[in-house]
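Where a number appears in this text, it was derived from the coordinates with a stated rule and is not lab data. For clarity, every value in this text was computed on a predicted model and none was experimentally measured. With ideal geometry, Cβ positions are generated from the backbone for all residues, glycine too; neighbour counts draw on all protein chains shown.
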Amino acid sequence: MHEGGIAQSIVEILAEVKEQNELSCITSVTLKVGKMSGVMIYALEFALEAIKCEEEFIKNTKFNIISVDVKAKCSLCGREYQFADTDEMNLLCPDCQMPLSIINGKELEIVDVEGK
Amino acid sequence: MKRIVVEKKILEKNDDIANQIRKTLDSNHIFGLNVMSSPGAGKTTLIERMVEIFKSKYKIAAIDGDLDTQRDAQRIAALGIETVQINTSGACHLDSSMVYKALNDITLDLDLLIIENVGNLVCPASFYLGTHKNVVLISTPEGDDKVKKYPTMFNVADVVLINKTDIAQFVKFDVEKVENEIKELNPHALIYKISALKNDGLEPFLSWVESNIVSVKNQ
Ligand SMILES: Nc1nc2c(ncn2[C@@H]2O[C@H](COP(=O)(O)OP(=O)(O)OP(=O)(O)O)[C@@H](O)[C@H]2O)c(=O)[nH]1
Ligand SMILES: [Mg+2]
Ligand SMILES: [Zn+2]
């Protein structure tokens, strides 16, 4: 499980945001995690809960994690396909037999932060 | 209360270091290959085959990631190429800073750098290491249901090697089903069926490697 390392990277970025914006604590954080990012949301939540106790400025932070479905587009016909479940995922356009390009679903990012 | 728009990639630091590695590889005309699979799918065996074939023709080094022990690095070093073992001490994947450090211990007068990642079908897929290409192995005893369980890994592969075909019949592995599922997750991937142990079916893969070595050399 690499979610511990991911949580560590999140806290490092949050510490920078805190410094740059002269915050004393962070109250909430919004994260985007794509279904093709390789990160399991429940494992990340678990890792974030564990790491919260180690740093004063995130002790009471609420982490909102947005799960992003995989969305892909055919470059030939322009149709977009959305897959909620990787079992159903097929990255070949059923009409054109062209490989689709992924436009969403690989996200692993910090969207915004609230603090005081 | 203040709201701050951050919009930052969580793994940005890893990507930055990986991009530096890529620059080092490019400026030295070294083809970098990241080899990934679950534990025991045959990464080291495959690398041994590659080294045996290419070492008289090309200068090769290997970086070997494992949770513990020097065993894999010893196997590869026994073939007479420079090998650095990285023990990740608990981390289930290599990240770019580990590879960056290991590169300091390697003479960069090379044609091919092979990185054997930690045996794991999940985590290594999220960490770009600056290599030019990714090879993912899936071996028949793992079962033919694995591809869709690990979509990220199969999606980042440039080549998927279906290994241990010599024993496919004993473990009820449906090769065609696996090939179709790989194509669904990654229409661009090249798929080759091999037995690394029996040295069977490796030619198309080896010529793919060689054409990459040559194209990076002439860049
Ligand atoms: N039958 C068969 N066995 C193989 C084949 N390739 C590798 N093996 C065996 O599978 C076992 C594991 O092979 P390794 O090359 O060590 O696998 P690995 O992926 O490097 O393993 P880790 O680094 O520990 O994750 C060894 O006993 C190999 O001999 C193959 O094509 N057929
Ligand atoms: Mg190995
Ligand atoms: Zn189409």
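Here are some notes:
- Inter-centroid distance (Cα atoms) of region B:91-109 relative to region B:172-215, Å: 26
- B:Asp200/A:Gln8 FRET efficiency (R0 51 Å; Cβ-Cβ; nearest 0.05): 0.75
- Whole-number D in µm² s⁻¹ for region A:4-116, Kirkwood Cα-pair radius fed into Stokes-Einstein, 4 °C, 1.567 mPa s: 83
- Each residue, A:Thr27 and A:Ala50, gets one label point 7 Å from its Cα in the Cβ direction; the gap between the two is 2.9 nm.
- Longest exposed-site-free window of chain A, the sites being GluC sites (Glu not before Pro) in a DSSP loop that have at most 15 other C-beta atoms within 10 Å: A:56-116
- Listed residue pairs exceeding 18 Å between alpha carbons, taken from B:Lys8/B:Lys149; A:Lys62/A:Lys116; B:Lys43/B:Lys149: B:Lys8/B:Lys149; B:Lys43/B:Lys149
- Rounded to whole Å, the principal axis extents of the Cα atoms in the protein assembly as shown read 64, 50, 40, largest first.
- Here the simple spin-label model places points 7 Å from the Cα toward Cβ, and for A:Lys71 and A:Glu114 these points are separated by 2.5 nm.
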